[in-house]
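**Student:** Before we start, here is the structure in question, set down as structure tokens.
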Amino acid sequence: MYIERDFTTLRVVIEALIYLLTVTFLCFSALMYLLSRQGALIRFRSHRRVTRAELDHHFSHYEKGITVLIPSYVEDVRVVEKTIWSAVLQEFPHIQVVLLIDDPPNPSDPHRIAELNETRRLGALISAALAEPYERFVEERTEALARIDGTDSVRGAELTHLCTEYRWAIHWLAKQAERWEIRDHTDRFFIDNVLLDLAADLRLTVTALEGALEQREKLSSERVEELYNRLVCIFSGSVRAFERKKYASLSHEANKAMNLNAYISLMGKRLKRIETPRGVVLRPALEDEFADLLIPDTEYILTLDADSMLLRDYCLRLVYLLEQPGNEQVAVVQTPYSSYRGAPTRMERIAAATTDVQHILHQGLTYYDATFWVGANAIIRKRALQDIAQVSFEGDNRVTTYIQDRTVIEDTESSVDLGLYGWHLVNYPERLSYSATPPDFGSLVIQRRRWANGGLLILPKFLRQRRARRGTKTQVRPLETLLRVNYMASIAWASVGLILLLGYPFDSRLLSPWVIIAAAPYFLSMSQDLKDNRYKRTDVFRIYAFNLILLAVNTSGTLKSIQQGITNEKIPFARTPKVANRTSSPWLFVFAPLFIVFYSAFVFVIYFQDRNWGNAIFAIFNASLCLFGIVSYIGIWPSIQDLFLGLLSWFFVPTKNAQNHSDSGVLDRRNAIDWRSMIYYGQTDPDSPTGTTKSLESAEVAE
């Protein structure tokens, strides 16, 4: 009826089309949510948890290693320490943990110097703590295997001795838990789910062995060996640190991807440190030459964010899946991270709720072969990274890029690259990894702005690859295309759509009840997912308020993507300053939610006076929830602080460093002549037989 009567003017036509497109895109995103959810439920229903005995047997004489890479940049030492412990206590043989410290290597601030030195010592301290149990269990295993050599089964005193060793390990873990100081909910998680949960699993083995002793049963000698191997594997990990910024021959690009790439490019090499005028460089050592640096190579690489933790069997279960028949072309397997429970603030709790719901959706993406690599944690086949490696040069440095750094969501672009070579990505359907959620609005702005940036830049690359793969064995299926497009672009169109619905006075007759009915399955399903994850059903409204206060953040990330697409420049990782134990926010992101509240209240008054009840209800609903979001998630006093700091910044102009001159006003010639480079490089001008000497003579003539 609306079209028949009023579809007569250009304004009405454009308004109807904009509204139709907006609602269509929002409904499309809701449909993709339901589709992903369905795939996740199917996977959860069919998942079979691998038994302990299968894992022990598979890894009993395992020779392939795994390297855990933990990129760290100005992180709290205790946070990094918990992450390292969760990685090194994995029940996996030959595990090597490398902390990739990306802090400036020579800071001037005494506080930063102390923190950096403490971070550097973490590897040695943790390795020293593991030395005692590791040496004990290696010795006990050797003696036990000698005693049972030639026998088919074991009982009695030998099982009692095995129980004693497991009890010793339990006591050691419990002692570590007692020593750990509890400062926040992540410390409690570390104690309960990393240390004590491992101890509880070992205690279960003790209970089983005691039952066998009481019933005078016997175990095969092979099974006893596997149980000893398990103790050795738990404590066999090694930890060390690596700092790429100490070496002039490695890329110093300021992002996590290049921190990882720098180390991966060195794996399997023997290297010599060489002093040069531009700093220390690394070059391959000759066969008969002493190597200063040995970087072991492994078949698998585990990337782990410095604020994340793994449960004890993460590596076992994910590598076991990679090595099952039919999974030879799986490049990346991961468990999309969940949030730590018990967050102290409302904002952190709601951010955690959105993270836990996303875990379900990522499981559904795997069902449709549309998995994206989520960078907080993942086990990767190194062979797959070599397929997508690209070589470039930064000056004289040869840089190999495995993980793309064109955007700040580097894992998403690498997911697309892997698909071109026929590789697949899989989300393991269990919660085995956990990561921190932003504790305040300022740090949330950093995270969500980064998430909103890059998807639009990667989308054209995916569409080009889709065309290139058409008609091949790796062609992209329609549902995979829809899910991937939604994943990469939904933040952009959802932000624009919500701005239009909030700001433009659409005719009330466009607000059909069918729109609400179409959205109902989405909100009902989300409320059920929240309930299943131990949140409240009503948190669906709190999440809506959460998204309202982030509207400007998501829009900013989208606009940044467009800007980057035009200028073709890399966007550096942004860090904001701390204000009184919290992260301050740019004033615009604090002002925008306030503007939404006042504008929606103003629109409500107008619609109420015009008896436009549908738009009036929508306006007051948004005003109320956005106000709730400001009070609950940002805070009144922090909002005032950040607005004041933003206003104050207008009155200051950054100063520029003056050029270095001598007292006479002429450029100091001693600074102009780089004599170290002359001695080291020699002739540098390929067009002149005298090279650098020619430029020096020219300088003397000019004087």
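The values are calculated or read from the model by the stated rules, or taken from the named source; none is laboratory data. Since this is a predicted model, take the numbers as computed values, not measurements. As a convention, Cβ positions derive from the backbone with ideal geometry for all residues, glycine included, and neighbour counts pool all protein chains shown. SASA here: full protein model, heavy atoms, side chains in, ligands and nucleic acids out. Shrake-Rupley method; radii C 1.70, N 1.55, O 1.52, S 1.80 Å.
**Student:** Residue pairs, Cβ under 8 Å, 6 or more apart or interchain, first in region 214-229 and part of a helix (DSSP H, G or I), second among the aromatic types (Phe, Trp, Tyr) and at pLDDT 90 or above. List them.
**Tutor:** Leu227/Tyr166; Tyr228/Phe137; Asn229/Phe59
**Student:** Of the residues Ala128, Ala87, Ala144, which is small (Gly, Ala, Ser) and either open to solvent by 50 Å² or more (accessible area, probe 1.4 Å) or outside any helix (DSSP H, G or I) (or both)?
**Tutor:** Testing whether each residue is small (Gly, Ala, Ser) and either open to solvent by 50 Å² or more (accessible area, probe 1.4 Å) or outside any helix (DSSP H, G or I) (or both) leaves just Ala128.
**Student:** What number of residues within region 503-531 are in a helix (DSSP H, G or I) and either without any contact (Cβ under 8 Å) to a residue 12 or more places away in the chain or touching a Cys at 6+ places or on another chain (Cβ under 9 Å) (or both)?
**Tutor:** 12
**Student:** Now, a different point. Give me the pairs: first residue in region 10-36 and farther than 30 Å from Tyr367 by Cβ, second residue open to solvent by less than 80 Å² (accessible area, probe 1.4 Å), beta-carbon distance under 7 Å, and six or more apart or on different chains, which are they?
**Tutor:** Within 7 Å, the pairs are Val12/Asp6; Glu15/Phe506; Glu15/Asp507; Ala16/Leu510; Ile18/Leu500; Tyr19/Phe506; Tyr19/Leu510.
**Student:** Residue under question is Arg484, and the condition is that it be open to solvent by 80 Å² or more (accessible area, probe 1.4 Å) and out of contact with any Cys (no Cβ under 9 Å at 6 or more places or on another chain); does it hold?
**Tutor:** For Arg484, the condition - open to solvent by 80 Å² or more (accessible area, probe 1.4 Å) and out of contact with any Cys (no Cβ under 9 Å at 6 or more places or on another chain) - is not met.
**Student:** For residues that are over 14 Å from Ala378 (Cβ atoms) and at pLDDT 90 or above, scanning just region 423-441, find the one that is nearest to the chain's Cα centre (by Cα).
**Tutor:** Tyr434
**Student:** Out of the strands (runs of 3 or more DSSP E) lying entirely within region 241-312, which hold 2 or more residues that are among the charged types (D, E, K, R)?
**Tutor:** The qualifying strands (runs of 3 or more DSSP E) are 269-276.
**Student:** On to the next question. Scan region 147-163 residue by residue and report those that are loosely packed, with under 13 Cβ neighbours inside 10 Å and under 18 Å from Glu210 (Cβ atoms).
**Tutor:** Once the filter is applied, which keeps residues that are loosely packed, with under 13 Cβ neighbours inside 10 Å and under 18 Å from Glu210 (Cβ atoms), region 147-163 yields Gly156, Ala157, Thr160.
**Student:** Among the numbered criteria (1) free of Cβ contacts under 8 Å to residues at least 40 places away in the same chain; (2) within 18 Å of the chain's Cα centre (by Cα), which single criterion is violated by Arg398?
**Tutor:** Failed condition: (2).
**Student:** Please give the number of the condition Leu311 fails out of (1) within 22 Å of the chain's Cα centre (by Cα); (2) open to solvent by 40 Å² or more (accessible area, probe 1.4 Å).
**Tutor:** So Leu311 meets the others, but not (2).
**Student:** Let me ask something additional. Considering only residues of region 40-57 that are part of a loop (DSSP other than H, G, I, E, B) and in contact (Cβ under 8 Å) with a residue 12 or more places away in the chain, which is most open to solvent (accessible area, probe 1.4 Å)?
**Tutor:** The qualifying residue most open to solvent (accessible area, probe 1.4 Å) is Arg49.
Residue-by-condition table, conditions (1) open to solvent by less than 50 Å² (accessible area, probe 1.4 Å); (2) at pLDDT 90 or above:
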{"residue": "Met267", "(1), (2)": "yes, yes"}
{"residue": "Pro277", "(1), (2)": "yes, no"}
{"residue": "Val280", "(1), (2)": "yes, yes"}
{"residue": "Pro284", "(1), (2)": "no, yes"}
{"residue": "Thr303", "(1), (2)": "yes, yes"}
{"residue": "Arg317", "(1), (2)": "yes, yes"}
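**Student:** Can you tell me which residue in region 398-422 is nearest to Arg383 (Cα to Cα), limited to those that are among the acidic types (Asp, Glu) and out of contact with any helix residue (DSSP H, G or I) (no Cβ under 6 Å at 6 or more places or on another chain)?
**Tutor:** My answer is Asp417.
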